[in-house]
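Please read the structure below before turning to the comments.
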Amino acid sequence: MTDSAAVLPPVAAEVAAGALDLLPARLRKRVDGAVAKAAGWPVEAARDGVLVRVAEDTAVTLRVTAGIVAGPDDAVCSCLLAPACLHRAAVLSVAPLAVREERRTGPEVEPAGRVGEPSAPAPAVTDEPALSPAQATALDALRDAVTAVLVAGVSGSGAVHRAELLHAAHSARLAGLHRPAGTAVRIARLLGEARSDDPAFRLSGLSGELAELLDLVRRPAAALSPARRDYRPEGPLRLYGLFTEPVVTASGYAGATVYALAPDGTLRTLSDIAPGGPDRALQASGTPVPGGCALGLRELGDGGGVILTAPTVSADGRIGGGGAVRSVRAAGAGWREAPLAALWERPPAGQLASALGWLSEPADARTAGGDLLFLDGVVTGAGFAVAAGPTLRLAAPDERPELPYAENLSLLASRRGLALRLIARVVPDRPDRVQVLAASWTGHDEEPVRADLGLRLLNRSHIPAVPAVPAGLTGAMEGGAPPALPIELDLLRRTVDRAVAGGRAVSAASADGELPRRLRAVGLTTGARRVEALTDAAADRRHDVLGRLLPADPGGFALAWLATAVYVSAATESLLLAAWTPPDISAN
């Protein structure tokens with residue numbers, strides 16, 4: 001069976017939502033079944049797009065402009081009911097959404113209890129900027145749509161829930177509420193992944209996005225944040241290449257991003273991202289650096305250097321092209337040479353604190369590479385022992401077979417005693433691991449080997465059979481087991497995710513009366529109160545004075561779930577920092 005979602009072009013959110021709006025009520029009830037069938041309809045290349053063959057005499061044609069299906073007229077069905085037909089609506093619903101940005105905000109932490117327990121989320125600030133009528137209406141629509149998704153859960157959220165969320169997102173974008181609109185589109189995309197059993201789907205990711213949107217609709221100041229930052233002209237820019245990362249998104253885009261260091265110590269990125277799959281990610285790594293120099297992105301990332309004149313740079317560090325930019329090759333640097341070596345000089349716990357702070361910022365305020373960790377250490381039997389840090393497991397950022405991350409990490413982890421210098425990404429909810437992007441070690445000829453683990457497939461000849469541990473890292477060989485969070489906190493996280501998966505009904509049916517007691521026993525008293533409030537909100541079906549069942553309060557359930565989700569995130573970050581902080585020997 002052909003997986004249509006794997007070959008269909010990305011579709012603008014408002015186009016996907018508009019297709020469902022055209023359906024009469026009798027067809028809306030059948031749309032989820034049609035979407036399931038559409039995943040198996042064969043897809044053929046056509047002029048300016050693709051053709052989806054529904055039956056011998058029926059086909060849906062999608063026309064692509066700038067890589068996406070941009071307008072309603074770009075999706076045409078040949079059946080007599082078109083455009084108000086199930087075929088067109090199903091194809092547009094199963095196609096990936098055109099999504100540009102990702103991710104998540106986080107809470108503040110304050111110490112309490114035995115393990116540095118965070119407080120409950122603070123109430124919404126009352127001194128908020130005034131919203132226009134259109135903005136207030138758009139926020140209300142977003143609140144209703146995301147609450148409906150949470151109450152129904154992934155298992156109960158069908159194409160209609162997704163369409164309502166996309167409509168609300170479109171209205172919010174038109175009203176200038178760019179951040180909540182972008183978050184809503186990401187939620188709709190994740191719902192599509194979940195319903196199609198996409199292996200890239202992560203329930204924890206959907207939980208994070210739902211928490212962000214529920215928080216944003218309560219805080220107009222955050223919802224009114226500006227749109228994506230524009231690129232601005234900048235003077236001559238000297239860059240030292242650091243590494244290149246293949247990029248493959250669930251929204252149908254792929255390419256490569258090279259990270260480079262500027263002389264002022266800030267990271268910059270150069271990217272080539274366009275519609276496509278994993279094959280395009282590998283091809284894009286050879287894209288030339290803008291400006292005319294014969295230097296590819298991957299070559300720059302593999303220790304190269306470049307000087308750009310008149311580049312355009314966004315506030316978050318992304319470098320654009322433009323007709324005025326010119327580039328010339330320049331000397332690069334190794335990871336153990338200035339200026340790159342300074343990235344590995346900061347203590348691991350300090351790097352982690354900065355990365356977690358970066359993750360708590362709005363997506364449009366984050367600077368390039370703020371979630372990266374630069375770690376030295378040694379491979380041991382228990383994992384990767386970080387110098388002046390914990391022992392960690394090395395995880396693949398992307399497990400697609402087309403990208404060699406998993407194979408490379410398996411090989412590196414098998415060489416006990418191998419000293420590695422890594423560039424990794426923090427995994428906020430997993431204190432025992434990091435996602436490794438690039439690595440360096442001493443090869444057979446005593447020369448440093450440097451590898452982008454998502455682009456270069458390693459073999460045993462690349463690594464010494466009996467590595468020699470450098471004198472400065474011999475102590476790291478004695479690192480213990482990877483850090484672990486209390487099992488009670490993990491159970492609470494599962495409660496949060498279970499609510500997202502099954503909705504309010506499942507939360508009420510699966511309430512664990514033992515969990516609050518266990519949370520209090522390990523000092524997580526606020527967590528115990530949060531789970532009790534969530535259980536009460538899920539099961540709350542009050543009666544009026546005549547004994548009639550009152551309507552459920554979806555807003556109350558959503559608020560209780562949000563408070564629990566924010567608490568879990570804050571507690572995890574607090575304990576993660578504690579696990580990475582070495583003991584103060586001088587205090588003994």
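For the chain, what is the charge dipole size about the Cα centre, in debye to the nearest 20, if Lys and Arg each add +1 at the Cβ and Asp and Glu each add -1 at the Cβ?
Details: 59 positive and 64 negative charges, 104 e Å.
With only Lys, Arg, Asp and Glu charged at Cβ, the dipole is about 500 debye.
Expressed in whole Å with the largest first, what are the equivalent ellipsoid semi-axes of region 346-385 derived from the C-alpha gyration tensor as the square root of 5 times each eigenvalue?
Details: eigenvalues 135, 17, 14 Å².
The equivalent ellipsoid of region 346-385 has semi-axes of 26, 9, 8 Å.
Among Leu300, Val15, Leu340, whose Cα projects farthest towards the positive end of the dipole of the chain, with charges put on the beta-carbon of Lys, Arg (+1) and Asp, Glu (-1)?
Val15
With n ≥ 4 as the cut-off for DSSP H runs, can you work out [θ] at 222 nm for the chain, using -39500 (n - 2.57) per run divided by the number of residues, rounded to the nearest 500? Numbers along the way, then the final one.
Values: 17 runs with 211 residues, N = 588.
Value at 222 nm, helices only: -11000 deg cm²/dmol.
Give me the mean projected area, in nm² to one decimal, of the convex hull enclosing the Cα positions of region 210-329. Show your work: numbers first, answer last.
Values: hull surface 35.3 nm².
For region 210-329, the mean projected area of the Cα convex hull comes to 8.8 nm².
With +1 assigned to the C-beta of every Lys and Arg and -1 to the C-beta of every Asp and Glu, and no other charges, what is the dipole magnitude of region 245-394 about the Cα centre in debye, to the nearest 20? Mind showing how you got there, number by number?
Details: 10 positive and 13 negative charges, 33 e Å.
For region 245-394, the charge dipole is close to 160 debye.
With charges set only on the Cβ (+1 for Lys and Arg, -1 for Asp and Glu), what does the dipole of region 32-103 come to about its Cα centre, in debye to the nearest 20? Don't jump to the answer; show the numbers that get you there.
Details: 7 positive and 9 negative charges, 16 e Å.
My answer is approximately 80 debye.
Would you report the distance distribution of C-alpha pairs in region 269-327 as whole percents per 5 angstrom bin, up to the bin with the largest distance?
That works out to 4, 18, 26, 27, 18, 7, 1, in percent per bin.
Go through region 161-230 and name the GluC sites (Glu not before Pro) that are in a DSSP coil and have 12 or fewer other Cβ atoms within 10 Å of their Cβ. Walk me through the intermediate numbers first.
Numbers: sites: Glu164, Glu193, Glu209, Glu212; in loops: none.
Passing sites in region 161-230 do not exist.
Can you give the accessible area per residue of the chain, in Å², using a 1.4 Å probe? Working shown, then result.
Working: 25800 Å² over 588 residues.
I get 44 Å² per residue for this part.
How big is the convex hull of the Cα atoms of region 367-436, per residue, in Å³?
95 Å³
Report, for the chain, the % of DSSP beta bridges that are antiparallel, rounded to 5.
Working: 69 of 75 bridges.
Rounded to the nearest five, the antiparallel share is 90 percent.
Equivalent ellipsoid semi-axes for the chain, as square roots of 5 times the alpha carbon gyration tensor eigenvalues: give them largest first, rounded to whole Å. List each step's numbers first, then the result.
Values: eigenvalues 320, 224, 100 Å².
Those come to 40, 33, 22 Å.
What number comes out for the charge environment of Asp74, summing +1 per Lys or Arg and -1 per Asp or Glu over other residues with Cβ under 15 Å away?
Values: positive: Arg47, Arg63, Arg88; negative: Glu14, Asp48, Asp73.
Net of charged neighbours comes to 0.
Please report the equivalent ellipsoid semi-axes of region 236-394, computed as sqrt(5 x eigenvalue) of the Cα gyration tensor, largest first, in whole Å. Provide the component values of the computation, followed by the final result.
Working: eigenvalues 149, 71, 54 Å².
Equivalent ellipsoid semi-axes, largest first: 27, 19, 16 Å.
With a 1.4 Å probe and every protein chain kept in, tell me what percent of the accessible surface of the chain is carbon plus sulfur. Can you show the working numbers first?
Working: 14020 of 25800 Å².
Carbon and sulfur: 54 percent of the exposed surface of the chain.
Just going by the charge dipole of the chain, with Lys and Arg at +1 and Asp and Glu at -1 on Cβ, which of Ala499, Gly381, Pro428 is farthest out on the positive end?
Ala499
The values are calculated or read from the model by the stated rules, or taken from the named source; none is laboratory data. None of these values were measured; they are calculated from a predicted model. Note that we place each Cβ from the backbone using ideal geometry, even for glycine, and neighbour counts take in every protein chain shown. All accessible areas refer to the heavy atoms of the entire protein, side chains included, with ligands and DNA or RNA removed. Shrake-Rupley method; radii C 1.70, N 1.55, O 1.52, S 1.80 Å.
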